[in-house]
Amino acid sequence: MKLVVVSAGLSSPSSTRLLADRLTAATLTAAAAGAAPAPEPEVIELRDLATDIALHFTTGFPPARLAAALDAVAAADGLIAVTPVFAGSYSGLFKSFFDVLDKDALTGTPVLLGATGGTARHSLVTEHALRPLFTYLRALVLPTAVYAASPDWGDEGLDRRITRAGTELARFLTPAHTPAAPDVDTTTAIAAPRSSTGAITSLPPTPSTTLIPFAQRLAALRVD
């Protein structure tokens with residue numbers, strides 16, 4: 001399994017790279033907890049490819065380093081893509097990289113989205129900008145996207161969102177034919193956990209959960 005991480009941070013170090021690293025760590029931890037083989041992470045720093053991307057636009061041919069990065073993304077079993085927020089959307093460098101990527105390269109690839117910004121006012125950038133971009137590329141965009149504003153760092157809420165997102169991506173990096181333990185139903189072993197209502201959840205199901213029929217709940221509220 002190959003995990004590719006695309007970071008569009010412009011400084012070194014950057015909060016964008018920090019978020020990318022924490023999402024990667026959460027994914028690897030969740031994969032290890034599920035007894036899955038550890039995916040091989042490869043980090044692509046777009047700031048190192050800025051000139052190559054511009055040359056690709058003007059010449060129509062990618063330089064060797066950019067070609068290798070594009071090939072890595074196309075061959076990925078899972079992708080983490082993180083960008084800083086510029087003018088209420090993804091950065092131009094981030095968009096330019098995915099503009100030169102083959103339009104079919106991410107078809108069916110699970111993608112975990114992340115973004116960083118200075119204020120919580122941009123927290124929906126993952127939904128109104130990033131998600132439509134990767135949906136257009138026919139990627140399998142994971143339910144949980146992580147936005148980190150400056151005040152979020154060190155907050156437990158950000159930690160929980162990172163863990164949840166990493167758990168979702170790790171599930172897709174688990175081989176479909178992982179051998180099951182003796183006397184364990186293999187279809188159950190590889191199925192995504194579901195809540196008591198049947199919805200897919202990033203948390204393991206609770207065996208003790210009892211679903212009470214709605215009609216029974218209404219009957220209990222009746223007053224004689």
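The values are calculated or read from the model by the stated rules, or taken from the named source; none is laboratory data. All values derive from a computational prediction rather than experimental measurement. No Cβ is skipped: glycine too gets one built from the backbone with ideal geometry, and neighbour counts run over all protein chains shown. Calculation scope for accessible area: heavy atoms of the full protein, side chains included, ligands and nucleic acids excluded. Shrake-Rupley method; radii C 1.70, N 1.55, O 1.52, S 1.80 Å.
The set of residues from the range 14-67 being closer than 22 Å to LEU173 by Cα, assigned to a helix (DSSP H, G or I) and of a type in the set (Gly, Ala, Ser) comprises ALA20, ALA25, ALA26, ALA30, ALA31, ALA32, ALA33.
Residues of the range 166-188 that are in contact with a helix residue (DSSP H, G or I) (Cβ under 6 Å, 6 or more places away or on another chain) and at pLDDT 90 or above: GLY166, THR167, LEU169, ALA170. Every test in (1) open to solvent by 10 Å² or more (accessible area, probe 1.4 Å); (2) at pLDDT 95 or above is passed by PRO41 save one, and that test is (2). Of the residues contained in the range 57-71, none is found to be more than 16 Å from ASP99 (Cβ to Cβ) and touching a residue at least 60 places away in the same chain (Cβ under 8 Å). Close Cβ contacts (under 7 Å, 6 or more residues apart or on different chains) running from residues in the range 10-22 that are within 16 Å of PHE86 (Cα to Cα) and touching a residue at least 60 places away in the same chain (Cβ under 8 Å) to residues that are open to solvent by 70 Å² or more (accessible area, probe 1.4 Å) and not β-branched (Val, Ile, Thr) comprise LEU10/ARG47.
Within the range 66-86, does at least one residue satisfy the condition of being at pLDDT 95 or above, among the β-branched types (Val, Ile, Thr) and out of contact with any Leu (no Cβ under 9 Å at 6 or more places or on another chain)? Yes, the range 66-86 contains at least one residue that is at pLDDT 95 or above, among the β-branched types (Val, Ile, Thr) and out of contact with any Leu (no Cβ under 9 Å at 6 or more places or on another chain). Right, THR51: surrounded by fewer than 14 Cβ atoms within 10 Å (Cβ to Cβ), modelled with pLDDT of 95 or more and within 30 Å of SER150 (Cα to Cα) or not? For THR51, the condition - surrounded by fewer than 14 Cβ atoms within 10 Å (Cβ to Cβ), modelled with pLDDT of 95 or more and within 30 Å of SER150 (Cα to Cα) - is met.
You will find that of LEU66, LEU46, the residue that is within 22 Å of ALA145 (Cβ to Cβ), among the hydrophobic types (A, V, I, L, M, F, W, C) and surrounded by 19 or more Cβ atoms within 10 Å (Cβ to Cβ) is LEU46 and no other. Residues that are aromatic (Phe, Trp, Tyr) and out of contact with any Leu (no Cβ under 8 Å at 6 or more places or on another chain) within the range 102-146 comprise just one, TYR136. Scanning the range 69-82 for residues that are open to solvent by less than 20 Å² (accessible area, probe 1.4 Å) and within 21 Å of ALA170 (Cβ to Cβ) gives ALA72, VAL73, ALA76, GLY78, LEU79, ILE80, ALA81, VAL82. Of all residues in the range 100-115, those satisfying the criterion of being of a type outside the set (A, V, I, L, M) and out of contact with any Gly (no Cβ under 8 Å at 6 or more places or on another chain) are ASP102, LYS103, ASP104, THR107, GLY108, GLY114. Of all residues in the range 83-117, those satisfying the criterion of being within 14 Å of LEU169 (Cα to Cα) and buried (at least 23 other Cβ atoms within 10 Å of the Cβ) are VAL111, LEU112, LEU113, GLY114.
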